[in-house]
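Reading through the structure tokens given below for one structure.
The values are calculated or read from the model by the stated rules, or taken from the named source; none is laboratory data. Keep in mind that what you see is a predicted model, and the values were worked out from it rather than measured. In this analysis, Cβ positions are derived from the backbone assuming ideal geometry, glycine residues included, and neighbour counts consider all displayed protein chains. Just the protein is used for accessible areas: all its heavy atoms, side chains included, with ligands, DNA and RNA removed. Shrake-Rupley method; radii C 1.70, N 1.55, O 1.52, S 1.80 Å.
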Amino acid sequence: MKTESVSVRHLRPCTTEPCISCLKVLSEKTGEVLAVKKLPFSVEATSSPLVTRGEIIFGTAGEGIVALDRKTLDIKWKYRTGKAMIYTSPYTNGEMAQVESTPVLSGDMVIVGASDGTFYAVNRKNGSLMWRHKTGSPILTTVAVSGKTFFGTDFSGNIYCFKAE
């Protein structure tokens, strides 16, 4: 893989091969495909990746939250959320742990809302659960962060505010 600055995106379908399980690394300058990683799960979700110095973290259609090592693209950790309360696309069914929201980072906490109606904070380095809050309604939006305060909404229109200590 080249050492230039890159932007990371998952595309559906892949332009180099038909694939709903691919993550592609593209050159920021040219759009050239620098790497394609076929994953053992679907990335057909509206979650945009969170790119840190060491990880690429994103929601999936059925596996919850996944972190890849940014250099090798190998799976670093997975955190499986609960069963989705609502399915946003026809590609999901059964016991899917669906995350449509984009993870955000605050310190070493990755915060995300899931379709099971729960806000999660997991450790960026190892994916261990730091805290969670069940709302009873699916969460499809991305959490907003202001300092040590987090704001999120659920599908019922409730607004939640959490303060890290």
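Criterion applied to K76, K83, K71 was being at pLDDT 75 or above, closer than 23 Å to Y120 by Cα, more than 14 Å from the chain's Cα centre (by Cα) and charged (D, E, K, R), and the one residue passing it is K83. Given the condition under 23 Å from G117 (Cβ atoms) and either open to solvent by 10 Å² or more (accessible area, probe 1.4 Å) or over 11 Å from the mean Cα position of the chain (by Cα) (or both), answer yes or no: does some residue in the range 17-31 qualify? No, that holds for no residue.
Among residues of the range 86-100 being out of contact with any Leu (no Cβ under 6 Å at 6 or more places or on another chain) and surrounded by 17 or more Cβ atoms within 10 Å (Cβ to Cβ), the one that is modelled with the lowest pLDDT is T92. Among the candidates K134, K76, K71, the residue that is open to solvent by 30 Å² or more (accessible area, probe 1.4 Å), out of contact with any His (no Cβ under 8 Å at 6 or more places or on another chain) and farther than 26 Å from V36 by Cβ is uniquely K134.
Taken over the range 53-68, the criterion of being open to solvent by 50 Å² or more (accessible area, probe 1.4 Å) and either of a type outside the set (D, E, K, R) or part of a strand (DSSP E or B) (or both) is satisfied by E63 alone.
Consider S146 carefully, then state whether it is under 16 Å from the mean Cα position of the chain (by Cα) and among the hydroxyl-bearing types (S, T, Y). Judged against the criteria, S146 is not a match. Among the residues of the range 133-144, none qualifies, meaning not one is among the basic types (K, R) and within 19 Å of I56 (Cα to Cα).
Number of residues in the range 112-124 that are in contact (Cβ under 8 Å) with a residue 40 or more places away in the chain and either in a strand (DSSP E or B) or open to solvent by 30 Å² or more (accessible area, probe 1.4 Å) (or both): the value is 6. For the range 106-151, the set of residues classified as closer than 26 Å to D69 by Cβ, in contact with an Asp or Glu (Cβ under 9 Å, 6 or more places away or on another chain) and of a type in the set (V, I, T) consists of V110 only.
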